[in-house]
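Nothing in this text is a laboratory measurement; each read-out follows from the coordinates by a stated rule. Treat the numbers as computed from the prediction; the structure is a model and nothing was measured. Reconstructed Cβ throughout: ideal geometry from the backbone, glycine too, with neighbour counts over all protein chains shown.
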Amino acid sequence: MFVRFSTVAGERGAADAERDIRGYKATPRTGNHRVDNDHWEQPGNLFRLMTPERQQLLFEVTARAISGAARHIQARHIENCGRAGSAYGAGVAKVLAQLG
C-alpha cells in the first residue's frame, strides 16, 4: 500500500497566502489506477487556490478548447470539471453557453 502526503499552500507573501490551507492529508493508495478513483482532489485543490480572475481565464480557455466537440463530450467534460468543484463545472458551462 502506498500513502500520499499532500500539502497545499501558496508561497509566503503570495496573493494566495490568506487562503493558506497548509496541512497534511494521508490518503491510502493501492498504486492501481483502476482502484484509486479520486482523480478530482488535486485539480479541485488547485482550482480553489486560483484567484477569481485566474478561474475565469480557466473557464474561457477550457470552453474554447471543447467548443468544437460533440455535445455529449462537452457535457461529460463539464461533469468532470464539476467533480473537481461545482463552481469549476458551472463556470465552464456558462462560458460554453455564451460561445453558442
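Zone of residue 97 (label point 7 Å along Cα→Cβ, backbone N under 17 Å): which residues in the stretch 58-73? Hits in the stretch 58-73 for residue 97 at 17 Å: 59-60, 63-64, 67, 71-72. Each pair of Cα atoms in the stretch 39-100 enters the Kirkwood radius, and Stokes-Einstein at 25 °C and 0.890 mPa s then converts it into a translational diffusion coefficient of 215 µm²/s.
Full extension of the chain segment joining residue 67 with residue 50 gains 3.8 nm, where the gain is 0.36 nm per residue of separation less the Cα-Cα distance.
Cβ crowding within 10 Å, taken as a proxy for footprinting-reagent exposure, orders 60, 79 from fewest neighbours to most as 79, 60.
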